[in-house]
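The values are calculated or read from the model by the stated rules, or taken from the named source; none is laboratory data. Remember, predicted model here, so these are calculated numbers, not experimental data. We place every Cβ from the backbone using ideal geometry, glycine too, and count neighbours over all the protein chains shown. Areas reflect the complete protein model, heavy atoms only, side chains present, ligands, DNA and RNA absent. Shrake-Rupley method; radii C 1.70, N 1.55, O 1.52, S 1.80 Å.
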Amino acid sequence: MPQNTIKESDLPKSIQSTQPPLKFIPQQFNPSILYIFRWLLPIVLRFRTRPWLPAGIVKIEAENVEVLAKLYQQFQEGKIRFLLAFRHPEVEDPLCMLYLLSRIVPKVARQKNIQLQDPVHSYFLYDRGMTIWAGNWLGWLFSQVGGVPVRRGRRLDRQAIQTARELFANGKLPIAVAPEGGTNGHSGIVSPLEPGVSQMGFWCVEDLQKANRSETVLIVPVAIQYSYDKPPWTKLNWLLSKLEADSGLPVMASTPDHDPEIYYQRIYRLGEYLITEMEEFYRRFYHQDIPKTVCNDEESESQNQVLINRLHRLLDKSLAVTEEYFGVQAQGNFIDRCRRLEEAGWNYIYREDLPDINNLPPLKRGLADWIAQEADLRMRHMRIVESFVAVTANYIQEKPTAEKFAETTLLIFDMLSRIKDTTLPGRPSLGLRRAKITVGEPISVSERWEKAQGDAYSGKLRHASRQAASELTKDLQIALEKMIN
């Protein structure tokens, strides 16, 4: 599984040559591999990639689990089909979901005398790009435990969609999807949801109806939040000092009582300095029209908003630089634009138009390598944007916890690491953490589908279905946001 304690020396550097196409990895569920991985799960959660450093998750708690246990019972009885729509703030989320299904749900089922068949598990979708930096072994492991790879930026990833649709309607297990599409680094902020989950729900209803089956289709929201076992003020001070030094700022000393206001001032100063440096970088070397901002003495809340406005303008310019290179139009929010740029970059690096790159004439191979190198470099602009899509003006000030300070500081660390020397930073651990999982009330897709049929009239069925899917996405977003607040 992807971790955040990998040493930088173990990480892939920039791409230097063209690569063969990214092939689809078929799902080949193997219960034996799943059982082995479930047995190792507590060790993986606790120690992750550094066996000598206990820096992982020490406790996972869950609420409303009886609802999920009953849903699995109904699924196994052939009464329902359901999709787990889980929050995705951190890379550890899939591990926590596996722990929930393999340990907590069976335990609650036994306590409540709910009869379940083993394995209590789910198929799941994952980003095909994960295997690029983690290695082919991850693709093999995911295929063995029920994973289906998805190219997030592709307008229509036919193999992934067809496989997921088939599993949702006919698989022996439910299916799990992160509707945010990727991590945002914030336990307390839900990124805008992508429409795919709702669409999958409606497809499943249609497929069941065509097969004259009567199962009810449900989507189950699941929230995941993290907290530190002990507030990591000392390590946070160390990390901020490192970031200040790496940025060229004088290192500010923390107070003995770890005053949150001091930490806020340090993060604000660091953020403002980095934004100013990056504005000048894009202004000078990429000829972007970015006005210089004059500092003023407005209220702190207004200053926060000014800084966030500058950040968003900077993110827009950073994406514009990459979009201009790849010839991609700027459409949608920052996340949408990042997805399209990722796919555009992969098309330059993982060349499907070159059937055998090893037998290319030296000229063509050299040109292909040149393009791959430049595409990888251009994509770094987009990777920086990815780190900051969820940053808001008042996230820390609304409730200045150690967790929020840590989340924001680690995002800044990601940015500096990508600029310095790696395409994927190995985050430092700030301490042991706990995870809290909340199972929400299931949302009936079948009821909404029937309502859409009733609302439709001559020639308007497709429009009614699209509208129903949009409303379902909005309601799922609201449900997830309520569960983390």
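Just one of the listed residues (ALA344, ALA406, ALA368, ALA330) is out of contact with any His (no Cβ under 9 Å at 6 or more places or on another chain) and open to solvent by 40 Å² or more (accessible area, probe 1.4 Å), namely ALA330.
Pairing each residue of segment 147-160 that is under 10 Å from PRO26 (Cβ atoms) with any residue that is open to solvent by less than 20 Å² (accessible area, probe 1.4 Å) and acidic (Asp, Glu), provided the two are 6+ apart or on different chains, yields C-beta distances under 9 Å for PRO149/ASP157. Tallying residues that are closer than 18 Å to LEU472 by Cα and either at pLDDT below 95 or part of a strand (DSSP E or B) (or both) within segment 433-445 yields 3. When the residues of segment 121-161 are filtered to those that are closer than 20 Å to ILE219 by Cβ and open to solvent by 30 Å² or more (accessible area, probe 1.4 Å), which remaining residue is farthest from the chain's Cα centre (by Cα)? If we take residues in segment 121-161 being closer than 20 Å to ILE219 by Cβ and open to solvent by 30 Å² or more (accessible area, probe 1.4 Å), then ILE161 is farthest from the chain's Cα centre (by Cα).
What do you reckon, is VAL389 modelled with pLDDT under 85 and either of a type in the set (A, V, I, L, M, F, W, C) or crowded, with 21+ Cβ neighbours inside 10 Å (or both)? Reasoning before the result, please.
Working: modelled with pLDDT under 85: yes; either of a type in the set (A, V, I, L, M, F, W, C) or crowded, with 21+ Cβ neighbours inside 10 Å (or both): yes.
Taking the combined requirement at face value, the residue satisfies it.
Scanning segment 62-89 for residues that are open to solvent by less than 20 Å² (accessible area, probe 1.4 Å) and not in a strand (DSSP E or B) yields VAL65, LEU68, ALA69, LEU71, TYR72, PHE75, ARG87, PRO89. Looking for something touching a residue at least 60 places away in the same chain (Cβ under 8 Å), open to solvent by 30 Å² or more (accessible area, probe 1.4 Å), in a helix (DSSP H, G or I) and under 24 Å from HIS121 (Cβ atoms) - is there at least one such residue anywhere in segment 173-183? No; the residues of segment 173-183 include none that is touching a residue at least 60 places away in the same chain (Cβ under 8 Å), open to solvent by 30 Å² or more (accessible area, probe 1.4 Å), in a helix (DSSP H, G or I) and under 24 Å from HIS121 (Cβ atoms). Looking across ILE262, ILE267, ILE224, ILE219, one residue alone is without any contact (Cβ under 8 Å) to a residue 40 or more places away in the chain and surrounded by 15 or more Cβ atoms within 10 Å (Cβ to Cβ). It is ILE262. Scanning segment 227-244 for residues that are open to solvent by less than 60 Å² (accessible area, probe 1.4 Å) and free of Cβ contacts under 8 Å to residues at least 40 places away in the same chain turns up ASN237, SER241, GLU244.
Against the conditions (1) closer than 22 Å to GLY129 by Cβ; (2) in contact with a helix residue (DSSP H, G or I) (Cβ under 8 Å, 6 or more places away or on another chain); (3) not acidic (Asp, Glu), LEU360 satisfies every one except (1).
Within segment 388-418, the set of residues being in a helix (DSSP H, G or I) and β-branched (Val, Ile, Thr) comprises ILE396, THR408, THR409, ILE412. Within segment 43-61, the set of residues being open to solvent by 50 Å² or more (accessible area, probe 1.4 Å), at pLDDT 85 or above and touching a helix residue (DSSP H, G or I) at 6+ places or on another chain (Cβ under 9 Å) comprises VAL58, GLU61.
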